[in-house]
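Novice: Quick one: structure below, then a few questions.
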Amino acid sequence: MRLRGVFTIGVAGAIALAGCSSGDEAPKQPVDATTLAESVTIDSVVDHLEKLEEIAADNDGNRAAGTPGYTASADYVAQTLRDKGFDVETPEFEYHSFDVASEQLLADGQDIEVQALGYSPSTGPDGITAPIVAVPADESPGCEITDYDGLDVTGAVVLVERGVCPFADKQKLAAERGAVAAVVVNNEDGPLLGGTLGDPDAGEIPTAGVSKADGETLAAADDVTLTLETEATTSTGRNVIAQTTTGSTDDVVMVGAHLDSVPDGPGINDNGTGVAATLETASQLGGSPNVNNAVRFAFWGAEELGLRGSEAYVESLDPEQKADIALYLNFDMLGSENPGYLAYDGDDSDAFGAGPGPEGSAGIERTFVDYFAGVGVDLDGTDFDGRSDYGPFIAAQIPAGGVFSGADGQKTAEQAQEWGGTPDVAYDRNYHSADDTLANIDREALAQNSAAVAYAVGVYAQDLGGPNGVPTGAEREKARAGD
Ligand SMILES: [Zn+2]
């Protein structure tokens, strides 16, 4: 936009330029947050949701990562943004998944409950039969090669206590000493759930976990047969990233929503709503708005598999590119059927769960609280736990925030009194199900939240300062030092 800054106010620019050659654009009005919020209408947001629902219907009822429904969703979003004049990229990323077909452990013929650790190599369908040898439970059980001094584990299944070092290290050392499999014993009561070797390359020998009680049974056994039929798969995902051609690229306002659904449903509230509100905000803003700061929109792949798209994206940035991101706004579920009105608790004013976010997160929370106060809604907080795509951003010390209408948590009696709806019932009963459809969206909540998305984008696109601002320049460097 050639004349940006010349006509900062007034419509006179349009008249003055009326005689320009064809193809020239009149200078645009500086973006105003309230005007932008008003331009994001519920009808246009619902249009995007209808499109996403149609895509799911045409593709086995879902838009999950790695499926044709996801590809069609990404194509729709990318095309919509290109039509509005954005520079659009669709960077690919790799992610791993892990499946367990069977897991079984027999000790002297007795069946022991066992869980394969994530990314454990497979034993094959016949399993491994071998003597079991326990590693002494010292202060660093199985974490140092000297733990194996005087212990012959060649061809054996090693029994090792959990704790002190990663599971991956324990099985690696056992493998180095010739063990053919490892069984990790929980160091507290109950089964060893959710343990992982971290990534497929870490796995040296089949590794599983058992409860503390079963660990004692195993220590007394002679031979065991361990069967873990596992498979690790590496897949390629895709994000959609679009940025305005205007505004300072040293102070990027980043806005994101995950584009994938779970495999069980069309993902209209989770997270068609965040996508639709973000996409319509981008559409109304246009690719070359009159803004001080560049705005970058992100539509993430494979969030439901563990924030894979946003994680890969943040990882792909060099330190300077990270430093250029002033803040990140995240929108994940905005139209829950029994809606909550929740802002990410960036200042930890609720003193619940995770602590406060990176410096600036508190200001972002206030921007949403103030906006909703202006339309007569009192927001509650929701824990700043990083369990959506803002997680990788706050881990990189980038301030973040957003609003949320609630998932499988229950609306309290006080909240129902404040906002209406049904107390002691989930915010979204259709969460991660086939019933997560447009018919089950609360359109009033979606309308208000969508306007709030646009409002926050409008505010920060123009001004990162003020009482609700985020650190800039040297302040930002200082705030993020140590990252
Ligand atoms: Zn979600």
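The values are calculated or read from the model by the stated rules, or taken from the named source; none is laboratory data. These numbers come from a predicted model, not from an experiment. When we count neighbours, we look across all protein chains shown, and the Cβ atoms used for this are built from the backbone with ideal geometry, even at glycine.
Novice: Of the numbered conditions (1) out of contact with any strand residue (DSSP E or B) (no Cβ under 9 Å at 6 or more places or on another chain); (2) on the phi < 0 side of the Ramachandran plot, Tyr460 satisfies every one except a single condition; which is it?
Specialist: Against the list (1) out of contact with any strand residue (DSSP E or B) (no Cβ under 9 Å at 6 or more places or on another chain); (2) on the phi < 0 side of the Ramachandran plot, Tyr460 comes up short only on (1).
Novice: Next question. Quick check: is even one residue across segment 317-329 within 13 Å of the ligand (Cβ to nearest atom) and of a type in the set (A, V, I, L, M, F, W, C)?
Specialist: No - not one qualifying residue is present in segment 317-329.
Novice: Okay, next question. Of the residues that make up segment 151-163, is at least one of a type in the set (S, T, N, Q), out of contact with any Asp or Glu (no Cβ under 9 Å at 6 or more places or on another chain) and without any contact (Cβ under 8 Å) to a residue 60 or more places away in the chain?
Specialist: There is at least one residue in segment 151-163 that is of a type in the set (S, T, N, Q), out of contact with any Asp or Glu (no Cβ under 9 Å at 6 or more places or on another chain) and without any contact (Cβ under 8 Å) to a residue 60 or more places away in the chain.
Novice: For Gly272, indicate whether it is of a type outside the set (Lys, Arg), in the same structural domain as Leu36 (by TED's automatic domain parsing), within 16 Å of the ligand (Cβ to nearest atom) and in a helix (DSSP H, G or I).
Specialist: When the stated conditions are applied, Gly272 passes them.
Novice: Can you pull out the helices (runs of 4 or more DSSP H) entirely within segment 367-479 that have at least 1 residues that are within 22 Å of the chain's Cα centre (by Cα)?
Specialist: 391-395, 443-462
Novice: Moving on to the next point. Checking Ala434 against (1) in contact with a Phe, Trp or Tyr (Cβ under 6 Å, 6 or more places away or on another chain); (2) surrounded by fewer than 19 Cβ atoms within 10 Å (Cβ to Cβ): exactly one of these is not met. Which one?
Specialist: In the conditions (1) in contact with a Phe, Trp or Tyr (Cβ under 6 Å, 6 or more places away or on another chain); (2) surrounded by fewer than 19 Cβ atoms within 10 Å (Cβ to Cβ), Ala434 misses (1) alone.
Novice: Scanning segment 214-241 for residues that are within 29 Å of Val160 (Cα to Cα), among the hydrophobic types (A, V, I, L, M, F, W, C) and in contact (Cβ under 8 Å) with a residue 12 or more places away in the chain, which turns out surrounded by the fewest Cβ atoms within 10 Å (Cβ to Cβ)?
Specialist: Ala219
Novice: For Leu279, indicate whether it is more than 16 Å from the ligand (Cβ to nearest atom), touching a strand residue (DSSP E or B) at 6+ places or on another chain (Cβ under 8 Å), within 22 Å of Tyr76 (Cα to Cα) and not small (Gly, Ala, Ser).
Specialist: When the stated conditions are applied, Leu279 does not pass them.
Novice: Please give the number of the condition Pro358 fails out of (1) part of a strand (DSSP E or B); (2) away from the ligand (no atom under 16 Å from the Cβ).
Specialist: (1)
Novice: Only residues that are under 16 Å from Lys212 (Cα atoms) and surrounded by fewer than 20 Cβ atoms within 10 Å (Cβ to Cβ): list them for segment 111-132, please.
Specialist: Asp111, Glu113
Novice: Out of all the residues in segment 221-268, which are of a type in the set (Gly, Ala, Ser) and closer than 20 Å to Asp389 by Cβ?
Specialist: Matches in segment 221-268: Ser235, Gly237, Ala242, Gly256, Ala257, Ser261, Gly265, Gly267.
Novice: Determine whether Gly381 is of a type in the set (Gly, Ala, Ser) and within 14 Å of the ligand (Cβ to nearest atom).
Specialist: So Gly381 fails the test.
Novice: Which pairs turn up if I take residues in segment 256-280 that are more than 14 Å from Asn449 (Cβ to Cβ) and look for partners that are within 13 Å of the ligand (Cβ to nearest atom) and among the basic types (Lys, Arg) with beta carbon separation below 6 Å, at least 6 apart in sequence or on another chain?
Specialist: Qualifying pairs under 6 Å: Ser261/Arg63; Gly267/Arg63.
Novice: Can you name the residue in segment 324-364 that is at positive phi and in contact (Cβ under 8 Å) with a residue 24 or more places away in the chain and, of all such residues, is surrounded by the fewest Cβ atoms within 10 Å (Cβ to Cβ)?
Specialist: Gly353
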